[in-house]
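Reading through the structure tokens given below for one structure.
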Amino acid sequence: MTWRTVKIGDVCLVKRGTTITEKQAMKGSVPVVAGGISYSYKHNQANRSPNVITVSASGANAGYVNFWDIPIFASDCSTVEAVGNNIDIRFIFYFLRHKQDFINQTMRSGAAQPHVYAKDIAQISLNLPPLAEQKRIAAILDKANEIKTKRELALAKLHELADSTFIELFEVGSIYEHAKLSDVCELITDGTHYTPTYADDGVIFLSAKNVTSGEIDWNNIKYIPESLHLELQKRVKPKYGDVLLAKNGTTGVAAIVDKDVVFDIYVSLALLRPSKKILSAFLHGALNSSITKRQFNSSLKGIGVPNLHLVDIRKTTIPLPSIKEQEKFIEIMRDINNNREINLSFLNKQAEVISSLQNQAFTTGFNA
């Protein structure tokens, strides 16, 4: 079977989107794809047909590869469309997903605002098999991703279950008093307002990026020198059982400090230390509930990157049942989280399977 070496631009039409702001968009149902990993808002018309690849053009997610099987309005992104009848666009999509790290590491330019340009995407080389083999490879990867998607949906359902459980127990026809966070926490503050100098090792330094999933990501961390750590500890000394809350980025997502380790935090994180009135795990559940998030969202300030300010966090209210009732909720959450861990384990394994399949598909090819 003959594979030929081509560039993406040789077999696909790669072009920049047309910028449209949310203010300019007209009410409609067409997703506007900009610089994020999903659509930003909607418009009343499309400028790209279904079955198109998008590559985010700028911002924190510049270079992110996605696929749309519906009409879209391509804005702050580049699009990749098949040219002719000998190209399977799903094959090209999986190839670009396989090259995601390469795109992130070599094509992002600009320090303050990273960009990925259409002309650079067009220059990416690939080994292209005959159409039948393209379709076969795409079908295998489609099936593997279908399994992964089912696990992702299961995780989303568990998240919804946690939220609906909180609302049903403490909000629907609620008989519980509501208290300000400042009344149930002995400390609410944030981290250093200065971007530190990082080190290869030293003291762990966390930011909002480390709490995006509702748990602390201890794997992708940065370090600061011991000397700087001693200075930052004068402001706040995080400890086991504290709750960290993202003030920007994934605003309003909270995570419990579940390790007894020494670390410091950036200003993008707020630290809430529960008083004797409230348990850490209940505070965590309350902060991550949709009811609390609505309060946070209504308090966001700033243009471009909205921020949640400490003054608004302190006055946010949550239901305050007895400690015994808090413990009952925590027990329910423990069961939900156990199921979540099972699904997450399967999801991680499936991601490894997909990665292995992609490596094989785009290096040696699948055996017939």
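In segment 314-325, is there at least one residue being closer than 20 Å to Glu22 by Cβ, open to solvent by less than 70 Å² (accessible area, probe 1.4 Å) and part of a loop (DSSP other than H, G, I, E, B)? No. Among the residues here, Asp163 does not qualify as part of a helix (DSSP H, G or I), in contact with a helix residue (DSSP H, G or I) (Cβ under 8 Å, 6 or more places away or on another chain), over 30 Å from Leu283 (Cα atoms) and open to solvent by 30 Å² or more (accessible area, probe 1.4 Å).
Condition test on Val211, is it surrounded by fewer than 21 Cβ atoms within 10 Å (Cβ to Cβ), aliphatic (A, V, I, L, M) and free of Cβ contacts under 8 Å to residues at least 60 places away in the same chain? Break it down stepwise before answering.
Numbers: surrounded by fewer than 21 Cβ atoms within 10 Å (Cβ to Cβ): no; aliphatic (A, V, I, L, M): yes; free of Cβ contacts under 8 Å to residues at least 60 places away in the same chain: yes.
When the stated conditions are applied, Val211 does not pass them.
Applying the criterion of being in contact (Cβ under 8 Å) with a residue 12 or more places away in the chain and outside any helix (DSSP H, G or I) to the residues of segment 326-367, the residue that is least open to solvent (accessible area, probe 1.4 Å) is Gly365. Of everything in segment 250-274 that is touching a residue at least 60 places away in the same chain (Cβ under 8 Å) and outside any strand (DSSP E or B), the residue that is farthest from Thr192 (Cα to Cα) is Ser268.
I'd like to know if segment 112-128 contains one or more residues that are open to solvent by 30 Å² or more (accessible area, probe 1.4 Å), out of contact with any helix residue (DSSP H, G or I) (no Cβ under 6 Å at 6 or more places or on another chain) and in a helix (DSSP H, G or I). Before the answer, list the steps.
First pass over segment 112-128, keeping only residues open to solvent by 30 Å² or more (accessible area, probe 1.4 Å): 112-113, 115, 117, 119-120, 123, 125, 127.
Remaining after also requiring out of contact with any helix residue (DSSP H, G or I) (no Cβ under 6 Å at 6 or more places or on another chain): 112-113, 115, 117, 119-120, 123, 125, 127.
Going one step further and asking which of them are in a helix (DSSP H, G or I), we end up with 119-120.
Yes, because at least one residue in segment 112-128 is open to solvent by 30 Å² or more (accessible area, probe 1.4 Å), out of contact with any helix residue (DSSP H, G or I) (no Cβ under 6 Å at 6 or more places or on another chain) and in a helix (DSSP H, G or I).
Of the residues that sit in segment 1-55 and are among the aromatic types (Phe, Trp, Tyr) and not in a loop (DSSP other than H, G, I, E, B), which one is surrounded by the most Cβ atoms within 10 Å (Cβ to Cβ)? Out of the qualifying residues, it is Tyr39.
The values are calculated or read from the model by the stated rules, or taken from the named source; none is laboratory data. Note that this is a predicted model, so its numbers are computed, not measured. Reconstructed Cβ throughout: ideal geometry from the backbone, glycine too, with neighbour counts over all protein chains shown. The accessibility values were calculated without ligands, DNA or RNA, using every heavy atom of the protein model including side chains. Shrake-Rupley method; radii C 1.70, N 1.55, O 1.52, S 1.80 Å.
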